[in-house]
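Visitor: I'd like to ask some things about the structure below.
The values are calculated or read from the model by the stated rules, or taken from the named source; none is laboratory data. Only a predicted model underlies this, so the values are computations on that prediction, with no experimental measurement involved. Here the Cβ is made from the backbone with ideal geometry for all residues, glycine too, and neighbour counts use every protein chain on show. For accessibility, only protein heavy atoms count, side chains too; no ligands or nucleic acids. Shrake-Rupley method; radii C 1.70, N 1.55, O 1.52, S 1.80 Å.
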Amino acid sequence: MQTREIVLARRPDGKARADDFSVQARELAPLQAGCVRLRALYWAVDPGMRSRLGGVRSYVEPVALGGVVGGAAVAQVLESRSERFVAGDLVTGLLGWREAGDFPEAALKQAPERGTMPASALLGLLGTPGMTAFFGMRDVGCVQAGETVLVTSAAGAVGAAAGQFARLMGARVTGVAGSDAKVEWLTGEAGFADAFNYKTIDDMAAELGRRFPEGIDVLFDNVGNRMVDAALPHMKVRGRIVVCGQTEDYSVAPQERHGIRNTSHLISKRLRVEGLLAYDHAARYGEAIAQINTWWREGRLVVREDISHGFDSLPAAFVDLFDGKAFGRRLVAASQVQGLAL
Ligand SMILES: NC(=O)c1ccc[n+]([C@@H]2O[C@H](COP(=O)([O-])OP(=O)(O)OC[C@H]3O[C@@H](n4cnc5c(N)ncnc54)[C@H](OP(=O)(O)O)[C@@H]3O)[C@@H](O)[C@H]2O)c1
């Protein structure tokens, strides 16, 4: 059987471009014992992948030049030589940008219980974005009923989930997003108490002063240093800053990033700033999945997806993320998904 893979043709310089990637075809060898052959249905398109394209090791290995671009996917088992999976099973894992491939059973997870949610939710509310949002808000942000919460990139996969979870935990949530349509969606469908478009304001620090006259208890930040710096003076005593993502900074060399200067507030307000890694909480994903499924069944959560179709659209879908063009959880669906009840 033939597959196609998207490989890193060149390390991006600054913002990634679609021609940093190329597509190659490959013949799959006969399936080995203990392995399954998968066909991808949905690929996740995540800003965090940008930091893996630069060749610097972080908590995951960088993508090698000429190597298949990594990333989560939902796939269907085509053929199995494993005791754990049978043909037709839905699985998730870090399967990379490939149409089909063979994987050892240990690399795969059986799709969790998803009730009436579509299979794409396995890369959204029930996948890494949902887990990040849940544990980031509950266990790192330690959000409490009645508190004030600020979420950035609030219309994205993680931000929209984080803001809604905080609301369901009893907080008053304000979202920051990059278009008026996103702001309208946040305060309408997604139930945020307040939201604003950062592209139409001149002074973020002054805006936060107006929106949070009593201060911020929890900042859940997805964008990076500039935002954290602007929020520091507006944090309440014993406030928490959850450093979840740095979308604005991923494509910028460390020496060129915005600095964090308002550090005296760390002392005067006794603030806690903590980096979040969803995978640290993997042993307890079941708790989050049960709670999210309950909220979903009760009709208290909304999801917005931004899905492109066809394997070849992956590089463009990724590059676009950094122009703010995605509105909701960005995914690419394989062409055969259209028409399947998933
Ligand atoms: N720590 C963890 O374990 C973990 C796990 C998953 C994801 N993450 C991180 O969480 C963050 C959110 O992930 P996501 O998948 O939900 O992606 P996302 O927020 O949907 O990312 C795309 C959005 O980022 C915003 N953006 C792009 N460039 C920006 C810039 N220069 N400044 C400000 N905003 C910009 C745009 O929205 P606007 O139109 O609103 O600007 C864009 O639509 C990412 O940084 C990701 O790496 C962390």
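Visitor: Among the residues of region 162-182, what is the count of those that are of a type in the set (A, V, I, L, M, F, W, C) and within 8 Å of the ligand (Cβ to nearest atom)?
Guide: Here the count works out to 2.
Visitor: Go through (1) open to solvent by 30 Å² or more (accessible area, probe 1.4 Å); (2) within 11 Å of the ligand (Cβ to nearest atom); (3) of a type outside the set (K, R) for A195 and report which single condition fails.
Guide: Every listed condition holds for A195 apart from (1).
Visitor: Answer yes if at least one residue in region 213-224 is surrounded by fewer than 21 Cβ atoms within 10 Å (Cβ to Cβ) and assigned to a helix (DSSP H, G or I), and no otherwise.
Guide: Checked against the condition, which is being surrounded by fewer than 21 Cβ atoms within 10 Å (Cβ to Cβ) and assigned to a helix (DSSP H, G or I), region 213-224 yields no hits at all.
Visitor: Now a separate question. Test D217 against the stated conditions and say whether it is out of contact with any Leu (no Cβ under 6 Å at 6 or more places or on another chain), within 16 Å of the ligand (Cβ to nearest atom) and of a type in the set (D, E).
Guide: no
Visitor: Which is under 21 Å from D320 (Cα atoms) and open to solvent by 20 Å² or more (accessible area, probe 1.4 Å), of D102, D89, D19?
Guide: Among D102, D89, D19, only D19 is under 21 Å from D320 (Cα atoms) and open to solvent by 20 Å² or more (accessible area, probe 1.4 Å).
Visitor: Just the residues that are open to solvent by 30 Å² or more (accessible area, probe 1.4 Å) and more than 10 Å from the ligand (Cβ to nearest atom), please, taken from region 316-334.
Guide: A316
Visitor: Go through region 149-197 and give me each residue that's part of a strand (DSSP E or B) and either in contact with a Pro (Cβ under 6 Å, 6 or more places away or on another chain) or not hydroxyl-bearing (S, T, Y) (or both).
Guide: Hits for region 149-197 are V149, L150, V151, R172, V173, G175, V176, A177, D194, A195, F196, N197.
Visitor: Something else: Report yes if some residue within region 235-258 is within 13 Å of the ligand (Cβ to nearest atom), of a type outside the set (V, I, T), surrounded by 12 or more Cβ atoms within 10 Å (Cβ to Cβ) and over 22 Å from the mean Cα position of the chain (by Cα); otherwise report no.
Guide: yes
Visitor: Scan the strands (runs of 3 or more DSSP E) fully inside region 19-126 and keep the ones with 1 or more residues being polar (S, T, N, Q) and over 30 Å from C244 (Cβ atoms).
Guide: On the way: elements: 21-27, 35-44, 73-80, 90-93, 100-104.
By residue number, 21-27, 73-80.
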